[in-house]
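The structure under discussion appears below in the form of structure tokens.
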Amino acid sequence: MRPIEVNHSRWDCTLEEVDGGRFTVRLGLRMAKGLANPDGARIVAGRGETPFKTVEEVWRRSGVKVISLEQLANADAFAGMGLGRRQATWAVGGSVNEPLPLFEAADRGRVPLPEAVLTAVALEADD
């Protein structure tokens, strides 16, 4: 058996080929206690063909709430990134529930609006 892993697991448990026609079971995201099916779907969709590199990337690309990341950390689903449960929990703790405007705009390919329009100022040179 292979454990839950954000870069390999789907919602349901699946079979993965080990070698030459031999298979093993990969535990699905559904095995993470408390993780909701829609959040599992968002993670799988956000992953697409490009594996996640960090917990923050999972959060930004999938759009799931921090509580879902905590559930995955408790299930040791970030081990493939080299993070144990405790390290993953700390990494999740650094995330917030709402995307920062700059990152949200970058993820959607938009340019954020400036907070204020600054006027150019001409400074005199010191003699």
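The values are calculated or read from the model by the stated rules, or taken from the named source; none is laboratory data. What you are looking at is a predicted structure, and each value in this text was computed from that prediction instead of being measured. Backbone-built Cβ (ideal geometry, glycine too); neighbour counts: all protein chains shown.
Tabulated values for the structure
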item: Residue among LEU113, LEU100 that alone is surrounded by fewer than 10 Cβ atoms within 10 Å (Cβ to Cβ) and at pLDDT below 75; result: LEU113
item: Tabulated pairs, region 66-77, first buried (at least 24 other Cβ atoms within 10 Å of the Cβ), second of a type in the set (Phe, Trp, Tyr), C-beta under 7 angstrom, 6+ apart or interchain; result: LEU69/TRP59; LEU72/PHE78
item: Neighbours by Cβ (under 8 Å, 6+ apart or cross-chain): first from region 47-58, farther than 14 Å from GLU5 by Cα; second among the hydrophobic types (A, V, I, L, M, F, W, C); result: GLU56/ALA91
item: Residues that are of a type in the set (A, V, I, L, M, F, W, C) and over 19 Å from ARG30 (Cα atoms), drawn from region 50-89; result: MET81, LEU83
item: Residue satisfying all of: in region 14-41; surrounded by fewer than 17 Cβ atoms within 10 Å (Cβ to Cβ) and assigned to a loop (DSSP other than H, G, I, E, B); modelled with the lowest pLDDT among these; result: GLY20
item: Residue in region 117-125 that is at pLDDT below 60, more than 23 Å from LEU29 (Cα to Cα), assigned to a loop (DSSP other than H, G, I, E, B) and not hydroxyl-bearing (Ser, Thr, Tyr) present; result: yes
item: Filter pass, VAL44 being in a helix (DSSP H, G or I), on the phi < 0 side of the Ramachandran plot, in contact with a Lys or Arg (Cβ under 8 Å, 6 or more places away or on another chain) and at pLDDT 95 or above; result: yes
